[in-house]
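Visitor: Here it is, the structure, as structure tokens.
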Amino acid sequence: MANTDAPNGFTPAYHLSGGTIRMKEYRIADGYATSIFNGDMVKLVAAGVVEQAAAGDSVVGVFAGCQYTAANGEIKFSKYWPASTDVDGSYATAYVYDDPMIVFTAQFDGASGIADIGQMADIVVGTGSTSTGRSASEISSTTGTSTAQLRILDFVDSPDNDPASDNAVAYVQINEHEYNESAAATGI
């Protein structure tokens, strides 16, 4: 059975230690020129703000939406950060799933298989939807044993998800996480 090619970013599934999945507040710089969609990986940068992460970046978590005061004084809650938004003040508030023990589901961008369990992969950043606010990021189908952003834990057990077909949905944990000692040997 073929899987549906419908990238949907990274969605929290469960906590490895049985803990509660929570978001933490971070900052987005006023006028940040890249859209960040719900389900996109984000990184912490030297200015103390989060930005959309790219393949190979150390990650602080997964973006879950934002709040800001628009230049006209209106308080906005949004599923995504609209690129180049002017806010009243210096920062918008970003909500991020930043616990390194959270396991996420996401779709591969191509071929996968059971042999990928335990392997590492980077993210593939897609263009999200401004109508739904949802990410289109995926797991790279280029997997291996070298250090990468994600560790593949398993495949979602569902009748409409075939691990041996393109675009399978898997459980992943952020491997190159800012709060993981092995990944964060130095500051940003």
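Visitor: Where in the chain lies the longest segment free of GluC sites (Glu not before Pro) that are both loop residues by DSSP (not H, G, I, E, B) and have at most 15 other Cβ atoms within 10 Å?
Guide: Maximal segment without exposed cleavage sites: 75-180.
Visitor: Which percent of the accessible heavy-atom area of the chain goes to carbon and sulfur, probe 1.4 angstrom?
Guide: 47
Visitor: Same structure again: Note down the relative contact order for the range 61-110 as a percent, whole number, built from C-alpha pairs under 8 angstrom at least six residues apart.
Guide: 43
Visitor: Could you run the Debye sum over the Cα atoms of the range 106-188, one equal point scatterer each and no solvent, and tell me log10 of I(q)/I(0) at q = 0.10, 0.13 Å⁻¹, two decimals?
Guide: Relative scattering, expressed as log10 I(q)/I(0), comes to -0.27, -0.44.
Visitor: Under the classification rounded if a/c is under 1.5, otherwise prolate if a/b is larger than b/c and oblate if not, where does the range 65-110 fall, given a ≥ b ≥ c as square roots of the Cα gyration tensor eigenvalues?
Guide: It comes out prolate by the Cα gyration axes.
Visitor: I've got another one for you. Skip the ligands, DNA and RNA, and give the accessible area per residue of the chain with a 1.4 Å probe, whole Å².
Guide: 47
Visitor: Something else now. How big is the gap, in Å, between the Cα center of the range 59-132 and the Cα center of the range 24-58?
Guide: 8
Visitor: Separation between the T69 and D160 pseudo-spin-labels, each 7 Å from Cα along Cα→Cβ, expressed in nm?
Guide: That separation, rounded to one decimal, is 4.3 nm.
Visitor: Would you calculate the convex hull of the Cα atoms in the chain and tell me its volume per residue in Å³?
Guide: Looking at the chain, the number lands at 111 Å³ per residue.
Visitor: Follow-up. If one puts a single equal scatterer on every Cα of the range 12-57 and applies the Debye formula without solvent, what log₁₀ I(q)/I(0) results at q = 0.23, 0.24, 0.26, 0.32 Å⁻¹?
Guide: Result of the Debye calculation: -0.94, -0.99, -1.06, -1.26.
Visitor: Evaluate the relative contact order of the chain (contact order divided by residue number), counting alpha-carbon pairs under 8 angstrom at least 6 apart; express in whole percent.
Guide: Once normalised by length, the contact order is 27 percent.
Visitor: Relative to the compact-globule scaling 2.2 N^0.38 Å, provide the ratio for the alpha-carbon radius of gyration of the range 1-77.
Guide: 1.31
Visitor: For F77 and I117, FRET efficiency with R0 = 30 Å and r from the beta-carbon atoms, rounded to 0.05?
Guide: About 0.20, to the nearest 0.05.
Visitor: Under 10 Å, Cα contacts only: if you run a Gaussian network model on the chain, which one of A47, A106, A55 comes out with the highest mean-square fluctuation?
Guide: Judging by the Gaussian network model, the answer is A47.
Visitor: Shifting gears a bit: Note the full-extension length gain between T11 and T132 as 0.36 nm times their separation in residues minus their Cα-Cα distance, in nm to one decimal.
Guide: Additional length available on full extension: 42.1 nm.
The values are calculated or read from the model by the stated rules, or taken from the named source; none is laboratory data. Computed from a predicted model, the values in this text were never measured in an experiment. Cβ coordinates were reconstructed from backbone atoms using ideal geometry, including for glycine residues, and neighbour counts include every protein chain displayed. Note: accessible area is taken over every heavy atom of the protein model, side chains too, but ligands, DNA and RNA are not part of it. Shrake-Rupley method; radii C 1.70, N 1.55, O 1.52, S 1.80 Å.
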